[in-house]
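The values are calculated or read from the model by the stated rules, or taken from the named source; none is laboratory data. Because the structure is a prediction, the values reported are computed rather than measured. Cβ atoms come from the backbone with ideal geometry, glycine included; neighbour counts cover every protein chain shown.
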Amino acid sequence: MAVDPRGSDLAMFLDADPDAPVVMLNLLRFADGGRDLYEQYARAFSEVIASRYGAEVVYAGDGGPALVAEEDQQWDA
């Protein structure tokens, strides 16, 4: 299931506490070859973009058994 907030949703979220840290969770399911491409993206993000904006990767790892998921909706990472 994709989550796609509207611009007004994001503005309201940020206006609630503009100085609070933001935590983002990515649940990933890879197509064939997708894991390698995502790892390249993740390395570039960590090395170039994260430091520029004060971001940090807190955790990255493989998914385990899903507690709540529809059939065929398990995550790889």
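Mind checking which residues of segment 55-77 are of a type outside the set (Val, Ile, Thr), over 16 Å from the mean Cα position of the chain (by Cα) and exposed (fewer than 11 other Cβ atoms within 10 Å of the Cβ)? Listed by number, the residues that qualify are Gly64, Pro65, Leu67, Glu70, Glu71, Asp72.
Candidates are the residues of segment 1-17 that are at pLDDT below 85 and part of a loop (DSSP other than H, G, I, E, B); the one that is surrounded by the fewest Cβ atoms within 10 Å (Cβ to Cβ) is Ala2.
Checking Arg43, Arg35, Arg29 one by one, the residue that is surrounded by 10 or more Cβ atoms within 10 Å (Cβ to Cβ), among the basic types (Lys, Arg) and over 27 Å from Leu10 (Cα atoms) is Arg35 and no other. Selection of segment 51-76 for residues being under 13 Å from Leu27 (Cα atoms) and modelled with pLDDT of 85 or more yields Tyr59, Ala60, Gly61, Asp62. Being in a loop (DSSP other than H, G, I, E, B), within 17 Å of the chain's Cα centre (by Cα) and of a type in the set (Asp, Glu) is a description that does not apply to Glu39.
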